[in-house]
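> This is the structure I want to talk about, given as structure tokens.
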Protein chains: 2
Amino acid sequence: MADTTVSKVSDTPRTSVGRDGVLNVAARLFREQGYGAVSLRKIAEAAGIKASSIYYHFGSKDEIVAAVLDAGIEAVHESMRQAIAVLPTDTGAEAALRAAIGAHLRALLEVSDYSSANVRIFGQVPQSVRDANLPTRRAYEAEWDALLSRLQKNGALQRDVDIRRLRLMLIGALNATLEWFDPDRGSAEALSRTYADVFLNGILER
Amino acid sequence: MADTTVSKVSDTPRTSVGRDGVLNVAARLFREQGYGAVSLRKIAEAAGIKASSIYYHFGSKDEIVAAVLDAGIEAVHESMRQAIAVLPTDTGAEAALRAAIGAHLRALLEVSDYSSANVRIFGQVPQSVRDANLPTRRAYEAEWDALLSRLQKNGALQRDVDIRRLRLMLIGALNATLEWFDPDRGSAEALSRTYADVFLNGILER
DNA sequence: CCATTTACCTAACATACGTTAGTTAGGTGA
DNA sequence: TCACCTAACTAACGTATGTTAGGTAAATGG
């Protein structure tokens, strides 16, 4: 996650800002302020260029937003894939789920402005932009469903839980964290463990 | 929840629209379309009056939004209080939590445009409007914390779970439902039971 | 060396927004 | 009856927004 203290980049651009530069700034601003509060002029100013210059790199504001949304899912998807891939082959169901939860939460809270921007602004952007993001989303959702189904077939998960519903509940809960997470009250790592504990074993004493 | 099919009210107003009429329409539109997509002119048209007439009832757009936000929390708070109040005095911890979860979800998904609008647009409105909603929110949060603390002291909940964190996770998960709930795939009642099952007992087979 | 491309710039436009000023028709109470 | 209040109205203003047209300086490459 990029530095958050100042909203403007160095005044004398030693090199060109470029498409990626604009995109990085846009993702950060969207994460911090939401969709409606971020105009092209704000993005441009934070990037150190003029609003109209953005049109050299993008055809419209929607195109920027769409790029941010897609990159956001790609980032969290890659984070999860990686976390699963590095596990030993004999890793148990519980540990696998813990790893996936940790990867999702880490991408959201610590790594990617794109992922957090996606979660924050998805519900605020025009329908057409949302629709454009759906294929990418579905691929990520499929990855989760595959993981959860595997665990269920192993007998680790209860037979009667609906995989799709469980995935929606779990990712929904994790994403909601973005609205209240405060690193001063505990690390993302610790929070991730708590999520896993609650979803795996519940909160009832026994 | 009001009728959703048509966005305009009867053309010949037999009676005045009034402050509440404007508010009801605003809540519905905010729930359906989010904050940024709903202008005063849209609210006015859907209510059957002109945009400037809104200023007879409200001093600014922010004032409307603030009123919707507060009413949204009041509604879900009242729903929860009611659900707890009607329980027999000898009701167990588990049943009490189930009732609270059900009340929250019902208000969100079936009863109140105000509550769903609150969840949908809170993260999109200007900071000052958000701040104005905080006291009302805190009262509702305190109610949850009181309930959860009581259950924990009874020994029903695990001793080591942090109440504040648990409340944030639980309400966050419930609120996220708004983004994907589809009554055709199962009732809010059934979904509420699933939430309770997962949070109380977890998903692991044992 | 010069033509072309890259990455920006200035200036402006139309549109949509929240908001204000001043007006009006219909009901209410003295 | 008539003054007043209620709940609207018409018209307009300033501002911010996404976007377009046309220009420019520096790097690139044959």
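The values are calculated or read from the model by the stated rules, or taken from the named source; none is laboratory data. Note that the structure is predicted; figures quoted are calculated from it, not measured. Please note: Cβ atoms are built from the backbone with ideal geometry, for glycine as well, and neighbour counts cover all protein chains shown.
> Restricting to the stretch B:17-38, give me the number of residues that are under 22 Å from B:Arg130 (Cβ atoms) and either of a type in the set (D, E, K, R) or free of Cβ contacts under 8 Å to residues at least 12 places away in the same chain (or both).
5
> Now for a separate question. Answer yes or no as to whether A:Gly102 is touching an Asp or Glu at 6+ places or on another chain (Cβ under 9 Å) and either closer than 30 Å to A:Ala156 by Cα or basic (Lys, Arg) (or both).
In short, yes.
> Scan the stretch A:169-184 for residues that are more than 7 Å from chain B (Cβ to nearest Cβ) and part of a loop (DSSP other than H, G, I, E, B) and report the count.
2
> Tell me, which residue of the stretch A:56-94 that is within 16 Å of DNA strand C (Cβ to nearest atom) and within 14 Å of chain B (Cβ to nearest Cβ) is surrounded by the most Cβ atoms within 10 Å (Cβ to Cβ)?
A:Lys61
> In addition: Could you run through the stretch B:153-168 and say how many residues are under 18 Å from the mean Cα position of the chain (by Cα) and within 8 Å of another protein chain (Cβ to nearest Cβ)? Give the derivation first.
Filtering the stretch B:153-168 for residues under 18 Å from the mean Cα position of the chain (by Cα) gives B:167-168.
Remaining after also requiring within 8 Å of another protein chain (Cβ to nearest Cβ): B:168.
So the answer is 1.
> Out of everything in the stretch B:41-55 that is near DNA strand D (Cβ under 10 Å from one of its atoms) and closer than 24 Å to A:Ser128 by Cβ, what residue ends up being surrounded by the most Cβ atoms within 10 Å (Cβ to Cβ)?
From the stretch B:41-55, those near DNA strand D (Cβ under 10 Å from one of its atoms) are B:41, B:44-45, B:47-55; that's our starting set.
Next, from what is left, pick out any that are closer than 24 Å to A:Ser128 by Cβ: B:41, B:45.
Values: B:Arg41: 12, B:Glu45: 17.
It comes out as B:Glu45.
> A further question on this structure: Of the residues in the stretch B:185-206, how many are more than 8 Å from chain A (Cβ to nearest Cβ), closer than 19 Å to B:Val111 by Cβ and without any contact (Cβ under 8 Å) to a residue 60 or more places away in the chain?
2
> Given the structure, is A:Ala26 more than 16 Å from DNA strand D (Cβ to nearest atom), surrounded by 15 or more Cβ atoms within 10 Å (Cβ to Cβ) and at pLDDT 95 or above? Spell out how you get there, then give the answer.
Numbers: more than 16 Å from DNA strand D (Cβ to nearest atom): no; surrounded by 15 or more Cβ atoms within 10 Å (Cβ to Cβ): yes; at pLDDT 95 or above: yes.
Judged against the criteria, A:Ala26 is not a match.
> Right, next: Out of the residues in the stretch A:121-132 that are within 13 Å of chain B (Cβ to nearest Cβ) and either assigned to a helix (DSSP H, G or I) or among the basic types (Lys, Arg) (or both), state the one that is nearest to A:Asp62 (Cα to Cα).
Let us first name the residues in the stretch A:121-132 that are within 13 Å of chain B (Cβ to nearest Cβ), namely A:121-130.
Now drop any that are not either assigned to a helix (DSSP H, G or I) or among the basic types (Lys, Arg) (or both), which leaves A:121, A:127-130.
Numbers: A:Ile121: 12, A:Gln127: 11, A:Ser128: 9, A:Val129: 7, A:Arg130: 10 Å.
Top of the filtered list is A:Val129.
> Let me ask you something else. Which of the residues spanning the stretch B:58-108 are within 16 Å of DNA strand D (Cβ to nearest atom) and part of a helix (DSSP H, G or I)?
B:Lys61, B:Asp62, B:Glu63, B:Ile64, B:Ala67 - these are the residues of the stretch B:58-108 that are within 16 Å of DNA strand D (Cβ to nearest atom) and part of a helix (DSSP H, G or I).
> Just a yes or no: is a residue in the stretch A:43-57 of a type in the set (Lys, Arg), without any contact (Cβ under 8 Å) to a residue 60 or more places away in the chain, farther than 26 Å from B:Gly34 by Cα and not in a loop (DSSP other than H, G, I, E, B)?
no
> Kindly indicate which of B:Ala107, B:Ala132 is on the phi < 0 side of the Ramachandran plot, within 16 Å of DNA strand C (Cβ to nearest atom) and modelled with pLDDT of 95 or more. Don't jump to the end; show me each part of the working.
Numbers: B:Ala107 fails: within 16 Å of DNA strand C (Cβ to nearest atom).
The unique qualifying residue is B:Ala132.
> Kindly check whether there is at least one residue in the stretch A:118-131 that is surrounded by fewer than 17 Cβ atoms within 10 Å (Cβ to Cβ), within 24 Å of A:Val25 (Cα to Cα) and hydroxyl-bearing (Ser, Thr, Tyr).
Checking the stretch A:118-131: at least one residue is surrounded by fewer than 17 Cβ atoms within 10 Å (Cβ to Cβ), within 24 Å of A:Val25 (Cα to Cα) and hydroxyl-bearing (Ser, Thr, Tyr).
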